[in-house]
Every structure is written in C-alpha cells, then in structure tokens.
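What follows is one structure encoded as structure tokens, with my remarks underneath.
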Amino acid sequence: MGKLIDGKAFANRLCETLAEEVASLKSEKQLTPCIAVVLVGEDPASATYVGAKVKRCEQLGIDSRSHHLDVTTSEEELLSLIDSLNNDPAVHGILVQLPVPKQINSEAVINAISPDKDVDGFHISNVGAMAVGQNNMVPCTPLGSMMLLEDELGDLSGLNAVVVGRSNIVGKPMATLLLQKSCTVTVAHSRTKDLPAVCRGADILVAAVGIPHFVKADWIKEGATVIDVGINRIQDPETGKNRLVGDVDFDAAKDVAGAITPVPGGVGPMTIACLMYNTVAAAKKLSGIA
Ligand code: NAD
C-alpha cells in the first residue's frame, strides 16, 4: 500500500505556526488579522464550509466577521457590502462563499473585491499575476495541494503532472502552479480522449472532477503521487448514511499509488489552512509588514 498523505496533520502544523505569527503580530505590531466572510442564501454545504472557516479563525486568533445575507439579495446590495469592506481598514480579507444565487453575477462579485483583500485568489488580476509568475493571492485549494506535493516529493522539476479538471478555482490554477515548479503539465477535462491513458503517464495525478470514485486504480502509474481534490457526498450502500468520498477510487488506488491523499483528511483541511495563510499574508501586506 502507498503512503497516506496526511493533509489534516499538515494543516494542523501550518495553523500552529500561523497562530504563533498572529500572536506576535498582535503583541508587537498591534495588528489583528481580520477576514470578512459573506454567505448569501441557505445552501447547507456552503454554510458548513463557512462554519469551518470561522472556527479555524477563532483557533488562530484571527478576527472573523460573518455577513449572512438573504437568498433574495440583489447583486447591487452585495456589491455595496463589498465596497464597504474594501474601504474598511480593519478588514484584511474578504471571502464571498460560492456559489451565489443566480440573480447575482459571480464574476462581477469576485472582481469587485480589492485584489489585496482577495484571500480566495479568484480576482482576475490575481489570476493574471499568477499566470506570469508574480503570485499575489493564490487560490487556497491549489496552494494547499502544492504544499502537500512539495512536502512529499521535494523538487517537482521535470515530473509529468496530469490535472483532471479545468475549473477556474482548482484545475487551471493547479496547472499554473505545477508549471511554475517546472513540471510537464497536461490539463485533462471532459473532452479529453482516452483519459485513462493520459492519466497513466502521470508522476503526479491531480483529480478535480466532482464525480465520486471517477479515477480508477488502473489509470494510475505504479508509484505515482495522487492528489484527490474531490469532495463528494454519497450515501453509503451498507449503512445508508451520508459520507464524503473523493474523485479517486481510493480503496483500489492506494495499492498502486506511491502516495495518495485520503478524503476526508487530505486536501480539504489544507484549503482552510491556506485561507488562514492568505489572510495573515494580506493583513501583513496591507499594513506594510514584510
Ligand atoms: P467543476 O465542476 O467546476 O469542474 C470540474 C471539472 O472536471 C471540469 O473542468 C470538467 O471539464 C472536468 N470533468 C467533468 N467531467 C469529466 C469527465 N467525465 N472526464 C474528465 N473531466 C471531467 O468542479 P471544481 O470546482 O473544480 O471541483 C472539483 C471537485 O473538487 C469537486 O468534487 C469539489 O467539491 C472539489 N473541491 C474541493 C475543494 C477542497 O477544499 N478539497 C475545493 C474546491 C473543490
């Protein structure tokens, strides 16, 4: 069996370091990092994610301000809230939990956030900065996945990396970061021909598809490092209870992969830890602290 990449333990260590940094920012610089978290509507998964983020902030000594808006909120109202948060010097990070209800254009919302407060890293200018290697705010899930990969493998230079999925929040930024580390990167997606063969060429295989158990064990090269980004809720056929599974057929894949992230306990905790990382970085940058 391949090695389990313990994202939960890594995230806990990262958060301990961040908590120490927050404590010294408070005592030495009178700076308390603060994130505003905006949730529109009642989507239960979104509410769970927001709750987990707020809880992590509390553990680290980061201030969080929750704005829970009604599902009928107009785009204009949300943009007006973002404007006031952009102009509030006590707020260093702004996160609008996606998806937003359909009367609101998510691109307009993302691009209204000040790029230096864009702790999700989705603003078009942060995406462009990353594309030319001038990383500012890097999206949390790919950032956390890269931390796990570099911890596991060290130098990634020259490795064949296949990213399955081309979303703006995971697949594309993941490919950009792997390219920055001199991997030979292939981005596969729903139109890719002979996906199993493409995956078999991967030293690093990143699955960000959103389909439970999509990547099969015989798509994985012996010894490859597998990062499973997927978070899918399925009903367990035996217990009837809901549980979380990834995009990789983990039980079979773990015997082929050299190292693999589990779901839960892999990439998920890293996403929240990296949100904390970005918030501390934003607070320091906005306050002129190197
Ligand atoms: P998305 O739906 O925006 O994108 C899915 C991508 O998968 C698309 O680019 C599509 O081309 C590709 N795809 C779909 N069907 C395919 C097929 N049959 N063959 C090959 N490619 C196919 O999803 P997303 O937002 O990128 O999220 C992907 C998964 O990651 C989801 O399970 C999501 O819940 C999870 N996720 C996890 C975290 C985390 O913190 N771990 C964060 C974000 C997303």
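Scanning the range 246-283 for residues that are away from the ligand (no atom under 14 Å from the Cβ) and touching a Pro at 6+ places or on another chain (Cβ under 8 Å) yields Thr279, Val280, Ala282, Ala283. Would you be able to say whether some residue in the range 35-53 is under 23 Å from Pro101 (Cα atoms) and among the acidic types (Asp, Glu)? Looking through the range 35-53, at least one residue is under 23 Å from Pro101 (Cα atoms) and among the acidic types (Asp, Glu).
Residue count for the range 185-204 satisfying the condition of being within 16 Å of Gly223 (Cα to Cα) and among the basic types (Lys, Arg): 1. Collect the residues in the range 151-168 that are outside any strand (DSSP E or B), touching a Leu at 6+ places or on another chain (Cβ under 8 Å) and closer than 17 Å to Ala197 by Cα, keeping them in residue-number order. Across the range 151-168, the qualifying residue is only Leu159. Here Leu148 clears all of (1) assigned to a helix (DSSP H, G or I); (2) within 12 Å of the ligand (Cβ to nearest atom); (3) buried (at least 24 other Cβ atoms within 10 Å of the Cβ) except the condition numbered (3).
Across the range 2-43, what is the total count of residues that are more than 15 Å from Gly61 (Cβ to Cβ), surrounded by 20 or more Cβ atoms within 10 Å (Cβ to Cβ) and in contact with a Gly (Cβ under 8 Å, 6 or more places away or on another chain)? Count: 4. Checked against (1) closer than 23 Å to Asp6 by Cβ; (2) in contact with a Gly (Cβ under 8 Å, 6 or more places away or on another chain); (3) assigned to a loop (DSSP other than H, G, I, E, B); (4) of a type outside the set (Phe, Trp, Tyr), Ser182 passes all but a single condition, namely (1).
When Leu178, Leu143 are checked against the criterion of being buried (at least 21 other Cβ atoms within 10 Å of the Cβ), more than 14 Å from the ligand (Cβ to nearest atom) and of a type in the set (A, V, I, L, M, F, W, C), a single residue qualifies: Leu178.
A short reminder: the numbers here are calculations on the coordinates, not readings from a lab. Remember, predicted model here, so these are calculated numbers, not experimental data. Here the Cβ is made from the backbone with ideal geometry for all residues, glycine too, and neighbour counts use every protein chain on show.
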